[in-house]
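What follows draws every value from the coordinates through simple rules; no lab data is involved. Note that the structure is a prediction, hence the values are computed from the model and not measured. Don't worry about glycine lacking a Cβ; one is built from the backbone with ideal geometry, like all the others, and counts go over all protein chains shown.
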Amino acid sequence: MTSAGQFHRIPVSERREITCRVDGKPISVFEGDTVLTAVLTFRRDLREFEFSSDLRSGFCLMGACQDCWVRKSNGERIRACSTLVADGQEIVTQHGGKTDG
Amino acid sequence: MVEARIVIIGAGPAGMKAALSLVEAGHRPVVIDEAQRSGGQVYRRPSPAAERSPRALYGFEAARAQRLHQGFDAIADFIDYYPETLIWNAEGRTLDLLYNGQNQRIAWSHLILATGAMDRIIPVSGWTLPGAYTLGAAQIALKAQAVGIGQSVVFFGTGPLLYLVAYQYAKAGITVKAVLDVSAFRQSVVALPQLLTGGRTFAKGLFFLAWLRARRIPVLRGITPVEIVAGTDQAVAGITIRTAGGKLRHFDCSGVGFGYGLRSETQIADLLELEFAFEHNHRQWLPVSDDNGRASTCGVYLAGDGAGILGADAAELTGRRAALVLRFDLGETELAAEIDTLSARLNAMRPFRHALDHVAFAFPERLARNVPDDVIICRCEGLRAANIRQMARDTEEIDLNRIKAFTRLGMGRCQGRVCVAAATAVLAGAATDMSSTGRYRCQAPVKPVPLRAFLGGCDEQV
């Protein structure tokens, strides 16, 4: 899969494709992807930093730095690096929320 | 009253080995781990939907990883295993957990801490940009998610992980533009006699280096990182460094991974109010223990990298030892000989580890103390080195906890896990003794907990 994302997939054996929506946009990802992987295989930024217009995309990937919080459509906060993406899931990033109103 | 249990915190090599050694004697431990599956960071397993062969996941360590995983899977019916569980508080002889979105409290009679470690970071200009990750993160991305942190990457910093991750990426077909080590080649020469005692581990290190060089991947020693450079999309576009010879060099890339060795994760030990001491060897405050891993509080045992960095092989030994010492304390005095043997084996590993972490790949303290004023130190709160230095000057304080109170340093969501090593060095400034800044204290909850978890009240059961 080629894309303009931050993360770059390496070839692995067949995995089930699922669909989720990031800020309303449907994307096709794989079962077993984290929310972080799902978002970052399509774009380079995960969210906007709270105190400036800087962009952030996570840092430690092991649930320690807390830099990758995004939301489910019901408003629940999830840590993108340690939450597996579910088929049909809606993900709202702060960045998307700001630009889409 | 709820029955107090034997509890193991962490399901990496140390925690898994401890569980096996307890089950072997008929105990039924509770094993609590934050990850979805056992293995820790080093033997991390992808989710079942993304399973790959052990060879693809762990390389040379495939057999060792498989043995551990199979052993731990085989005792599933004999332990109470809580994966994806956050311990957010520890008080007296109880732990507060967040499991399945619910708050629970567990009472413990004995506690084995195998909390592991994370990368030690020195901030550099641009380190918060999208595309900049820890070396550990780079490895997790590849191992657990089968993705690289960029299409073309540069790795920098120092330590054995630097070369291992570079090798793993290049082998997976990702373009590694350069491997940039702040440690000078001469440091490895000085450390050579002790490094030779490392046997298999040392041989692997030499292999990775030779493999990278054979593929003409630039490996530079004695460098100084200058800036991670952003592109027009505000994400990583490259890195600029100063070579050992003093020249500026730039490498284009879309991802960077960096780190300067590992730092033990001690927040639960802190909440338990264990006694700590500043360990100059490890450059951090660590819970103190006797020669066999007993902590200062009766019934608490330390194992794995969380008790000081010794690596994955040693973590298996300290994990087993913690369980044996616990059993010894419960009356199995015949275990004394095996405990002594384990301790002797661990002591024999120390000279190699010391040469590796403190001579060949020593933490570049000068770099940490001299982080430029405009560089962000605390990425949660966006505090820069200048903010910390200015506050230290204004208040004439260099105590971390005081500076925390004045600036919010380390008060963000990570609770200092990422910034404390660098903040300590920046505050120590010209002071010769790193311990002069005091020990950074954390507060419960150690990681964010949704209030929703408490709406149903507190479940007083396991």
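Distances over 20 Å make up what percent of all Cα-Cα pairs in the range B:86-175? Everything past 20 Å amounts to 54 percent. The mean number of partner chain beta-carbon atoms within 10 angstrom of a residue's beta-carbon across peptide B:46-59 is 3. Extension gain, B:Thr94 to B:Asn347, is 87.8 nm, computed as 0.36 nm per intervening residue step minus the present C-alpha separation.
Sorting B:293-302, B:339-348 by their mean Cβ neighbour count within 10 Å, with the most densely packed peptide first, gives B:293-302, B:339-348.
Other protein chain C-beta atoms within 10 Å of residue C-beta, averaged over A:62-72: 6.
Dividing the C-alpha radius of gyration of the range B:196-275 by 2.2 N^0.38 Å, with N its residue count, gives 1.59.
A cut-off of 5 Å between modelled amide H atoms, ignoring neighbours fewer than 5 places along the same chain, links B:Val226 with B:Thr240, B:Ile241, B:Arg242. Inter-label distance, B:Leu196 to B:Asp374: 4.9 nm, where each label sits 7 Å from its Cα along the C-beta direction. Peptides B:200-206, B:101-107, B:131-137, ordered by how many other C-beta atoms sit within 10 Å of their residues on average, highest first, read B:131-137, B:101-107, B:200-206. With 10 Å bins beginning at zero, the pair-distance distribution over Cα atoms of the range B:241-298 amounts to 17, 32, 17, 16, 16, 1 %.
Overall size of the range B:393-432 from C-alpha positions, given as principal axis extents largest first: 28, 19, 10 Å.
Normalised by residue number, the volume inside the convex hull of the Cα atoms of the range B:29-68 is 77 Å³ per residue. Mean silhouette area of chain B, derived from the convex hull of its C-alpha atoms and averaged over all directions, reads 22.5 nm².
Principal-axis analysis of the Cα atoms of chain B puts helix B:312-329 at an angle of about 20° to the longest axis.
The ellipsoid that matches the Cα gyration tensor of the range B:365-437 has semi-axes, each √(5λ) in whole angstrom, of 16, 13, 12, with the longest given first. Under a no-solvent Debye model with one identical scatterer per Cα of the range A:17-95, what's log10 I(q)/I(0) at q = 0.22, 0.23, 0.26 Å⁻¹? Each listed q maps to, in turn, -0.98, -1.07, -1.35.
Between the residues A:Cys60, B:Pro218, B:Leu330, the greatest Cα displacement towards the positive end of the dipole of the protein assembly as shown, with unit charges on the Cβ of Lys, Arg, Asp and Glu, is found for B:Pro218. For the listed residue pairs A:Lys72/B:Lys143; B:Lys404/B:Lys447; B:Lys171/B:Lys247, the alpha carbons are over 19 angstrom apart in A:Lys72/B:Lys143; B:Lys171/B:Lys247. Charge dipole of chain B (Cα centre as origin; +1 on each Lys and Arg Cβ, -1 on each Asp and Glu Cβ, all else neutral): 1880 debye, rounded to the nearest 20. Packing here is the average count of other Cβ atoms within 10 Å per residue, and on that basis the peptides B:262-269, A:71-78, highest first, run B:262-269, A:71-78. Extension gain, B:Glu273 to B:Asp340: 0.36 nm times the residue separation minus the Cα-Cα distance gives 21.3 nm. Kirkwood-type hydrodynamic radius, the range B:302-371: 13.7 Å, calculated from all non-identical alpha-carbon pairs. A dipole drawn for the range B:365-437 from +1 and -1 charges on Cβ atoms has a positive end, and of B:Thr407, B:Cys419, B:Gln390 the residue lying farthest that way is B:Cys419. Pairs of alpha-carbon atoms within less than 8 angstrom and 6+ residues apart define the contacts here; what relative contact order does the range B:331-441 have, in percent? Rounded, it is 24 percent for the range B:331-441. Angle, helix B:13-23 long axis vs. longest principal axis of chain B, Cα atoms, 0 to 90°, nearest 10? For B:13-23 against chain B, the angle is about 10 degrees. What the Kirkwood sum gives for the range B:273-334 is a hydrodynamic radius of 12.1 Å, with every pair of different alpha carbons counted. For chain B, averaging the sequence separation of C-alpha pairs within contact (under 8 Å, six or more residues apart) and dividing by the residue count gives a relative contact order of 19 percent.
In the calculated pair-distance distribution of the range B:121-260, the portion above 26 angstrom amounts to 19 percent of the Cα-Cα pairs. Tell me the angle of helix B:336-355 to the major Cα principal axis of chain B, expressed in degrees between 0 and 90 and rounded to the nearest ten. The helix B:336-355 is inclined about 10 degrees to chain B. The calculated P(r) of the protein assembly as shown, using every Cα pair and 20 Å bins from 0, goes 21, 59, 20, 0 in percent.
Per-residue shielding of B:128-135, expressed as the average number of other chain Cβ atoms within 10 Å of the residue Cβ, stands at 6. Treating each Cα of the range B:1-89 as one equal point scatterer and applying the Debye formula with no solvent, the log10 of I(q)/I(0) at q = 0.11, 0.16, 0.21 Å⁻¹ comes out as -0.31, -0.63, -1.01. Using a cutoff of 8 angstrom between alpha carbon atoms and counting only pairs six or more residues apart, the relative contact order for the range B:69-201 works out to 12 percent. Close amide H partners of B:Val176, meaning residues 5 or more places away or on another chain with modelled amide H under 5 Å apart, are B:Val153.
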